[in-house]
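Enquirer: For reference, the structure I am asking about is given below.
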Amino acid sequence: MRIGLVVDSGCDLPKSFIDEHGILILPVSIRLGDQIIVDERDPERTRQFYATEASEKAHGAESIPFTMEQIKALFLDKVVVDFDYALVQTVPKSRSPIFTNATEASHAILREYKPIRKQAGVEGPFALRVTDSQTLFAGQGALAAETMRLIKSGMKITEIRQSVEVLASKATGYAVVPDIYYLHKRAKKRGDKSVSWAGAILGNALDIKPVLCARQDETFPVAKMRGFDAGVEAMFRHGARCIERGLMAPVVCVSYAGDESRIRQMPGFDRLAEAAKRHKVELLTSSMGLTGAVNIGPGALSIGMIVDDPAFTTD
């Protein structure tokens, strides 16, 4: 059975990994004033965004995910012939309509795929499964990377589906936010009152940087650090400790809303990389997708892994 993986562009993985494993991307468009930017995880387009003034105006941007009809068209064009089963993983349904759109599209796809496969000379049925990743940014990347490892292992699709359901409930993404005032403006735009104006102003004045956790379809702060570098180092230390304690999947993803080459020079990364090497954990680094940058701000850093206990300690 040919099993394929489909993710939305909010899933932070290196382009080389995506291409190597034939992962299909559901694009998300970003409306920035009169400009429309399509995020297909194209490294060059992402670099251009981070290198121009567009990134400075990101707080006013609007994300536009694929509609049900667009998802249906993409699958009928590219997926139903190339694969016998497609695993679709999306950003949490509480953050975007893409999960709902993909689920609705799946019903239409299953009604319409047979003549397309027949015309292409492909025998047998086609099926797909849409899963809410329940996490964000590098956390979604870790879930996708482990899913691909299970596919490549030759595991039966029923076992993969069962494993992915468990893994999605444990997939965890952490992020250090460089500008709490930016986070406040984005939250206000969405009607989220969790970041107050006073708190945002005070946080910036004191150089307080929140560390966020995205897990089980909830996003919440787990720490506040004095300075961005301190937050980054604490997050990498936490990642190294999680590796040493034992992960539920041998992969860690790191993404940065900027030039990804900076990641390896950040404080604490060497410790994370050394722990990953020692414990045979795959460490994947990439630029953060544009939707992530728009939501938590250019310059944000995320780390994702699959852990049973997400408790964050700063010591």
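Read-outs: derived from the displayed coordinates by stated rules, not from any lab. From a predicted model like this one, the values you see are computed outputs, not experimental measurements. In this analysis, Cβ positions are derived from the backbone assuming ideal geometry, glycine residues included, and neighbour counts consider all displayed protein chains.
Enquirer: With +1 on each Lys and Arg Cβ and -1 on each Asp and Glu Cβ, and nothing else charged, work out how big the dipole of the chain is about its Cα centre, in Debye to the nearest 20. Show your work: numbers first, answer last.
Expert: Values: 40 positive and 39 negative charges, 79 e Å.
The calculated dipole for the chain is roughly 380 debye.
Enquirer: For the range 3-168, what does the relative contact order come out to in percent, with C-alpha contacts under 8 Å and a separation of six or more?
Expert: Numbers: 241 pairs, mean separation 44.4, N = 166.
Relative contact order for the range 3-168 comes out at 27 percent.
Enquirer: What do you get for Rg/Rh over the chain if you use C-alpha atoms and the Kirkwood form of Rh?
Expert: On the way: Rg = 19.3 Å, Rh = 19.8 Å.
My calculation of the ratio gives 0.97.
Enquirer: Obtain the nm distance between the two label points defined at Glu112 and Asp259 by a simple spin-label model: each point lies 7 Å from its Cα along the Cα-to-C-beta direction.
Expert: Spacing of the two 7 Å Cα→Cβ label points: 4.5 nm.
Enquirer: Give, in nm to one decimal, the length gained when the segment between Asp77 and Arg45 is fully stretched (0.36 nm per residue of separation minus the Cα-Cα distance). Don't jump to the answer; show the numbers that get you there.
Expert: Numbers: separation 32, 0.36 × 32 = 11.52 nm, distance 2.43 nm.
Here the answer is 9.1 nm.
Enquirer: Then there's this: Could you pull out the pairs from Lys78/Lys277; Lys93/Lys277; Lys170/Lys280 whose alpha carbons sit more than 28 Å apart here? Write down the numbers at each step before the final one.
Expert: Values: Lys78/Lys277 37 Å; Lys93/Lys277 34 Å; Lys170/Lys280 20 Å.
Listed pairs above 28 Å: Lys78/Lys277; Lys93/Lys277.
Enquirer: Could you go through the range 14-26 in sequence order and give the Karplus-derived ³J(HN,Hα) for each residue, using 6.51 cos²θ - 1.76 cosθ + 1.60 with θ = phi - 60°, rounded to whole Hz, and x for Gly and Pro?
Expert: Per-residue couplings from phi come out as x, 4, 4, 5, 4, 5, 4, 9, x, 7, 8, 9, 8 Hz.
Enquirer: Just subtract the alpha-carbon distance of Thr158 and Asp34 from 0.36 nm times their residue separation and send over the number in nm, one decimal. Each step should come with its number before you reach the end.
Expert: Values: separation 124, 0.36 × 124 = 44.64 nm, distance 4.57 nm.
Difference between extended and current length: 40.1 nm.
Enquirer: Here's a follow-up. Please report, in Å, the Rg and the Dmax of the range 211-315, where both are computed over Cα atoms only.
Expert: Every Cα atom of the range 211-315 included, Rg and Dmax give 12.9, 35 Å.
Enquirer: Give, in whole angstrom and from largest to smallest, the semi-axes √(5λ) of the equivalent ellipsoid of the range 3-168, with λ running over the eigenvalues of the Cα gyration tensor.
Expert: Working: eigenvalues 156, 68, 43 Å².
After diagonalising the Cα gyration tensor, the semi-axes are 28, 18, 15 Å.
Enquirer: Which residue, chosen from Ala223, Ile208, Phe66, occupies the Cα position most advanced towards the positive end of the dipole of the chain, where the dipole is computed from +1 (Lys, Arg) and -1 (Asp, Glu) charges on Cβ about the Cα centre?
Expert: Ranked along the dipole, the leading option is Ala223.
Enquirer: Can you give the helix-only mean residue ellipticity at 222 nm for the chain, where every DSSP H stretch with n ≥ 4 adds -39500 (n - 2.57) and the sum goes over all residues, rounded to the nearest 500 deg cm²/dmol? Mind dumping the intermediate values first?
Expert: Working: 11 runs with 128 residues, N = 315.
My calculation for the chain gives -12500 deg cm²/dmol from helical runs alone.
Enquirer: Below 8 Å between Cα atoms, with a sequence gap of 6+, how large is the relative contact order for the range 77-179 in percent? Mind dumping the intermediate values first?
Expert: Details: 108 pairs, mean separation 32.2, N = 103.
Relative contact order here is 31 percent.
Enquirer: Give me the angle, in degrees from 0 to 90, between the Cα long axis of helix 157-170 and the longest principal axis of the Cα atoms of the chain, rounded to the nearest 10.
Expert: 20 degrees
Enquirer: Right, another one. Quick check: residue separation of Gln119 and Lys224 times 0.36 nm, minus the Cα distance between them. What number comes out in nm? Provide the component values of the computation, followed by the final result.
Expert: Working: separation 105, 0.36 × 105 = 37.80 nm, distance 5.77 nm.
Working it through step by step, the gained length comes to 32.0 nm.
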